[in-house]
Amino acid sequence: MQHKWLDDPEMEKTLPIETYKNAVTTQLGKQLDAGKGVIAGLAGHYVRLYEVTDTGVCVQDPGQWNRTEMRITWAEARAMGYFWVNLVISS
């Protein structure tokens with residue numbers, strides 16, 4: 001069952017899913033491709049981003065033993081506030 005907050009028409013007007021997806025892919029996908037680490041911020045929490053795909057993102061959540069690896073759709077990421085702040089780590 002799809003939750004209402006994933007397809008919020010107001011959110012789609014404010015930040016269309018394709019705009020959101022393109023921004024994350026352009027800004028952070030190239031950092032991952034270059035071998036850099038990316039820490040993604042969401043409201044009050046951080047996760048490690050390790051893959052950007054056409055259908056969403058893949059993250060590891062070291063703070064939760066039951067969410068060590070998750071696939072998040074673009075709609076879920078936008079609704080949950082993923083990428084409001086990011087940290088790129090390079091050696």
Counting only residues in region 47-70 that are closer than 16 Å to residue 17 by Cβ and out of contact with any helix residue (DSSP H, G or I) (no Cβ under 7 Å at 6 or more places or on another chain), the one surrounded by the most Cβ atoms within 10 Å (Cβ to Cβ) is identified as 53
Any residue at all in region 20-36 that's surrounded by 15 or more Cβ atoms within 10 Å (Cβ to Cβ), part of a helix (DSSP H, G or I) and in contact with a helix residue (DSSP H, G or I) (Cβ under 7 Å, 6 or more places away or on another chain)? yes
>> Just to be sure before I move on: is residue 76 of a type in the set (Asp, Glu) and touching a residue at least 12 places away in the same chain (Cβ under 8 Å) in the structure I sent?
In response: yes
**Asked** Given the structure, is residue 39 touching a Phe, Trp or Tyr at 6+ places or on another chain (Cβ under 8 Å), in a strand (DSSP E or B) and either buried (at least 16 other Cβ atoms within 10 Å of the Cβ) or among the hydroxyl-bearing types (Ser, Thr, Tyr) (or both)?
**Response** no
Of the residues in region 1-19 that are closer than 16 Å to residue 77 by Cα and assigned to a loop (DSSP other than H, G, I, E, B), the one that is modelled with the highest pLDDT is 16
All conditions in (1) part of a loop (DSSP other than H, G, I, E, B); (2) out of contact with any Gly (no Cβ under 9 Å at 6 or more places or on another chain) are true of residue 82 except (2)
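The values are calculated or read from the model by the stated rules, or taken from the named source; none is laboratory data. As the structure is a computational prediction, the values presented were derived from the model and not from experiment. Note: ideal-geometry Cβ built from the backbone for every residue, glycine included; neighbour counts use all protein chains shown.
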